[in-house]
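J.: After the structure tokens below, expect a handful of questions from me.
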Ligand code: FES
């Protein structure tokens, strides 16, 4: 784990704001690239960093590692929550500014060497850590099917990113299938990413997911009919104060007892979490 000051290479808004009557709204989502070789050299997909978001926010904030490249750069993809002081402060930083952060933290996804085909299920901003996983898996010549779900076309990662950019390392053969799913049908399949799991589950070796708690509850229900889903690895988003396992602010109930998301996760097996006891962030 490194604690350091990193220079912002680029910073841009990638998604429009999101009005959600029953949940917290966002005023947009941003992609920030940082020069950060100390963290890039150690990070694995599924891990996160804690970012100090200026004097307006006392506590550091957790952000999934969205991408890591061979130049020692890391990318964070994050939503700016309505009224959120920390993410609001971060969104106003510009290329050339420096921010303080520490990481990489937590336990990432575990891809078994024998697994040849991975199914990735992304709900909304859940694409953040899964993109890093897809990059690494493709480099390892694994087949990847990515179900990329969002509210509408404007909330999917721009076409300029996947899949072409995944190939810039020029490591054919690759096998990456990105299936877009939108709730309003404005791009790809109309529905939820979880609607398509049954179409792919039989031909993949492992399943990885990141999305809202409701998505995991659906997957847990589906796992009664598709046992392979029980061992799906899912990444939890949780409010965190320390990120280091010392404040117990991110404690959840699992079938093995209490666990800290920052230290024991953020990746858990789907079957291990008590989904009924878990409250959405
Ligand atoms: Fe403090 Fe997890 S954030 S224990």
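J.: So residue 12 clears everything in (1) free of Cβ contacts under 8 Å to residues at least 60 places away in the same chain; (2) surrounded by 14 or more Cβ atoms within 10 Å (Cβ to Cβ); (3) outside any loop (DSSP other than H, G, I, E, B) except one condition, right? Which one?
T.: (2)
J.: A further question follows. Can you name the condition, by its number, that residue 175 falls short on among (1) in contact (Cβ under 8 Å) with a residue 24 or more places away in the chain; (2) surrounded by fewer than 17 Cβ atoms within 10 Å (Cβ to Cβ); (3) within 16 Å of the ligand (Cβ to nearest atom)?
T.: (3)
J.: Kindly provide the set of residues from the range 24-62 that are surrounded by 23 or more Cβ atoms within 10 Å (Cβ to Cβ) and either assigned to a helix (DSSP H, G or I) or on the phi > 0 side of the Ramachandran plot (or both), ordered by number.
T.: 39, 46
We did not get these values from a lab; they are worked out from the coordinates using the rules stated. A quick note: this is a predicted structure, and the numbers were derived from the prediction, not measured. Glycine also receives a Cβ, built like all others from the backbone with ideal geometry; neighbour counts cover every protein chain displayed.
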